[in-house]
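The values are calculated or read from the model by the stated rules, or taken from the named source; none is laboratory data. Small disclaimer: the values here were computed from a predicted structure and weren't measured. In this analysis, Cβ positions are derived from the backbone assuming ideal geometry, glycine residues included, and neighbour counts consider all displayed protein chains. These accessible areas exclude ligands, DNA and RNA; they are computed on the full protein's heavy atoms, side chains included. Shrake-Rupley method; radii C 1.70, N 1.55, O 1.52, S 1.80 Å.
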Amino acid sequence: MRPESTALVSPRADVMTETVEGFGTVRFTPVDPAADSAVLHSWVLEERAQFWGMNGISRELVQEIYEDVDRRDTHHAFMVRLDDEPVALFQTYEPEADRVSECYEVREGDIGVHLMLAPVQGRPRPGFSRTLIGSLLRFTFRDPAVLRAVGEPDARNAKALALSSRLGFVHQGEITLPEVDLPEVYLPEKRAVLAFLDRPAVLPPPVAVLPQA
C-alpha cells in the first residue's frame with residue numbers, strides 16, 4: 001500500500017518532464033513539504049536510509065526539514081516521479097553556501113547533489129536504475145552554466161558509493177564535513193567521500209536502457 005501522501009496532488013509545477021520511450025514519463029517537481037512528507041517519512045524510516053541521518057524522526061519533523069529547504073534560495077529538493085509514482089528524492093545545492101565548501105575549492109559552475117532512491121516495490125524492474133540515471137544527468141546539467149556536479153556520500157555507505165560510480169562520479173578521497181548547529185538546522189559531523197562529475201560532452205538520449213537478452 002502506498003503512503004497516503006502519494007495520493008495527494010501537489011499544486012507545484014514540474015521543473016522538468018521527459019518521456020522516455022519504453023520506460024515512461026519522468027517528472028521532477030519541487031518537494032511540497034506538506035503533500036510529500038508522508039512518502040518521504042516512509043523512505044527515511046527504512047534501515048537502508050540510515051546514512052540520510054533521519055532514521056527515527058517523526059513525519060512532522062520531516063515536513064519541517066523540507067519547509068526549511070523550501071525557504072532557501074541555495075538548496076532545492078525535488079520529488080522524482082515515474083508515471084506519477086514517486087521513485088526518488090533528488091536534492092541540489094550551491095556548494096559555496098554549504099559546509100562542503102570547507103572541504104574543497106569550489107569552482108564556478110559547480111552544483112552539489114544528493115540522491116535517495118525509493119524502496120523497490122515488488123520485483124525489480126530490469127534497466128530501471130540505469131535509465132533513471134540518464135534522466136538525473138539530463139536534469140542536473142539542463143542549465144549550460146552547470147559544469148560539474150559535486151557529491152559527498154557517506155564514507156560508510158557502500159551502496160551510495162557504488163551508485164555514484166555508476167552515475168560517472170570520480171571519487172577524490174575522504175573528507176570530514178563539519179558539524180552545523182544552527183537554530184533552523186542541525187547536521188552532525190560526517191565522514192564522506194568527495195566525488196566529482198564533469199559535464200558530459202554529450203548527454204545520454206532519453207531512451208530506456210534495458211539489459212542484454
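Being part of a helix (DSSP H, G or I), open to solvent by less than 40 Å² (accessible area, probe 1.4 Å), in contact (Cβ under 8 Å) with a residue 12 or more places away in the chain and small (Gly, Ala, Ser) is the requirement here; does Ala160 meet it? So Ala160 passes the test. Consider Thr19 carefully, then state whether it is on the phi < 0 side of the Ramachandran plot and free of Cβ contacts under 8 Å to residues at least 60 places away in the same chain. Criteria not met by Thr19.
Please go through the range 92-134 and give me each residue that is acidic (Asp, Glu), without any contact (Cβ under 8 Å) to a residue 60 or more places away in the chain and over 23 Å from Ala49 (Cα atoms), ordered by number.
Glu94, Glu96, Glu105, Glu108, Asp110 - these are the residues of the range 92-134 that are acidic (Asp, Glu), without any contact (Cβ under 8 Å) to a residue 60 or more places away in the chain and over 23 Å from Ala49 (Cα atoms).
Looking across the range 64-73, the residues that are open to solvent by 30 Å² or more (accessible area, probe 1.4 Å) and within 15 Å of Leu187 (Cβ to Cβ) come down to Glu64, Ile65, Arg72.
Conditions tested, residue by residue: (1) buried (at least 19 other Cβ atoms within 10 Å of the Cβ); (2) small (Gly, Ala, Ser).
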residue: Ser58; (1), (2): no, yes
residue: Val62; (1), (2): yes, no
residue: Asp83; (1), (2): no, no
residue: Pro86; (1), (2): yes, no
residue: Tyr93; (1), (2): yes, no
residue: Asp110; (1), (2): yes, no
residue: Leu117; (1), (2): yes, no
residue: Arg130; (1), (2): no, no
residue: Arg142; (1), (2): no, no
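Inside the range 176-188, can you point out the residues that are at pLDDT 90 or above, more than 20 Å from the chain's Cα centre (by Cα) and either within 10 Å of Glu152 (Cβ to Cβ) or part of a loop (DSSP other than H, G, I, E, B) (or both)? Of everything in the range 176-188, just one residue is at pLDDT 90 or above, more than 20 Å from the chain's Cα centre (by Cα) and either within 10 Å of Glu152 (Cβ to Cβ) or part of a loop (DSSP other than H, G, I, E, B) (or both), namely Pro178.
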